[in-house]
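K.L.:
Supplied in structure tokens, the structure appears directly below.
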Amino acid sequence: MPRLTSIFPFAVRLGAISVACLLSACAHLPEGAEYNDPYEAKNRAVHATNLEIDTTLFGDGKKKGIVPTFPRPVAKGFINFASNLAAPGDVVNRVLQGKPGPAIETTVRFVINTTVGIGGLFDPATAMGLEKDETDFGETLTVWGSGEGDYIVLPVLGPSTERDAIGMVVDLALDPLNTLLPRPESTYALGAAAASSAASRQVNADLVESILYESADSYAQARIIYLQNRRYQLGEDIYVIDPYEDPYGQ
């Protein structure tokens, strides 16, 4: 998912990191539980609001939204550009995770795509064998032993967990571009992230709309898919039961 950039002053960033360190010991799941969702009523309300926003912006598969459809090469360019801007934050997190090899490779990718790839609009680094290696502070907390905590739904941003929500805040604080670049350049990544999110939504329209507009319970389906994908990404072998799954595999 594209990450937003911070406009916090340095002191606030340090404070955010300190708070995250205090809160990073998110609870692990009780034995035998597939997920913790104690805020389901509030989560469903936020999900419903997010659904209305999505329908307005992108439509529901039957009617179009107000955001124009990007040609696929343009959408790919937006996604590449935002991913490249997020690379310095990936490097910081890989270092915090004790993984210098991926940190070095991501640094090389960033240099190549920023120069040869015209600011990251294109991705020549992948063609050269340097695969994308995205990470975030939520993964860093996982490496440090933090549990995922409760499932939550964030306004606009959608499904998350307490651990990943904390991770988003710290990613804002850790992003080197916020410190190295002056304003307004340091805030341009915010627009890039928004454009990339819109482009990704359009590229994956069939999958997103099947979840949000064709499932019997879009909230439950979004929760299942988010948790399963996130846990797979983090290497956490915790299976989430699909309430609509045929137990006999038929």
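K.L.:
Output yes when any residue across segment 65-78 is modelled with pLDDT of 95 or more, over 20 Å from the mean Cα position of the chain (by Cα) and of a type in the set (F, W, Y), and no when none is.
P.N.:
Looking through segment 65-78, none of the residues is modelled with pLDDT of 95 or more, over 20 Å from the mean Cα position of the chain (by Cα) and of a type in the set (F, W, Y).
K.L.:
(1) at pLDDT below 95; (2) out of contact with any helix residue (DSSP H, G or I) (no Cβ under 9 Å at 6 or more places or on another chain): which one isn't true of A16, the others all being true?
P.N.:
Only one criterion in (1) at pLDDT below 95; (2) out of contact with any helix residue (DSSP H, G or I) (no Cβ under 9 Å at 6 or more places or on another chain) is unmet by A16, namely (2).
K.L.:
Right, another one. Within segment 94-103, identify whether any single residue is assigned to a helix (DSSP H, G or I), touching a residue at least 40 places away in the same chain (Cβ under 8 Å) and more than 17 Å from A198 (Cβ to Cβ), and answer yes or no.
P.N.:
Yes.
K.L.:
Let me ask another. Which of the residues spanning segment 158-172 are acidic (D, E) and surrounded by fewer than 23 Cβ atoms within 10 Å (Cβ to Cβ)?
P.N.:
E162
K.L.:
State yes or no: is G117 over 19 Å from A194 (Cα atoms), free of Cβ contacts under 8 Å to residues at least 60 places away in the same chain, part of a loop (DSSP other than H, G, I, E, B) and in contact with a helix residue (DSSP H, G or I) (Cβ under 9 Å, 6 or more places away or on another chain)?
P.N.:
When the stated conditions are applied, G117 passes them.
K.L.:
All but one of (1) of a type in the set (G, A, S); (2) more than 13 Å from Q202 (Cα to Cα); (3) modelled with pLDDT under 95 hold for G117; which doesn't?
P.N.:
Checking G117 against (1) of a type in the set (G, A, S); (2) more than 13 Å from Q202 (Cα to Cα); (3) modelled with pLDDT under 95, the one that fails is (3).
K.L.:
I'd like to know if segment 127-145 contains one or more residues that are farther than 30 Å from V108 by Cα, touching an Asp or Glu at 6+ places or on another chain (Cβ under 6 Å), β-branched (V, I, T) and not in a helix (DSSP H, G or I).
P.N.:
No: segment 127-145 contains no residue that is farther than 30 Å from V108 by Cα, touching an Asp or Glu at 6+ places or on another chain (Cβ under 6 Å), β-branched (V, I, T) and not in a helix (DSSP H, G or I).
K.L.:
Another one. With respect to V111, is the statement that it is over 22 Å from V92 (Cβ atoms) and not in a loop (DSSP other than H, G, I, E, B) true?
P.N.:
no
K.L.:
Which one is surrounded by the fewest Cβ atoms within 10 Å (Cβ to Cβ) among residues in segment 56-79 that are without any contact (Cβ under 8 Å) to a residue 40 or more places away in the chain and in a helix (DSSP H, G or I)?
P.N.:
Residue satisfying both the conditions and the ranking: P73.
K.L.:
Okay, moving on. Could you list, ordered by first residue, the pairs with Cβ atoms under 9 Å in which the first is in segment 209-226 and in contact (Cβ under 8 Å) with a residue 60 or more places away in the chain and among the acidic types (D, E) and the second is part of a helix (DSSP H, G or I) and crowded, with 17+ Cβ neighbours inside 10 Å, at least 6 apart or interchain?
P.N.:
Final answer for the pair search is E209/F58.
The values are calculated or read from the model by the stated rules, or taken from the named source; none is laboratory data. Since this is a predicted model, take the numbers as computed values, not measurements. Don't worry about glycine lacking a Cβ; one is built from the backbone with ideal geometry, like all the others, and counts go over all protein chains shown.
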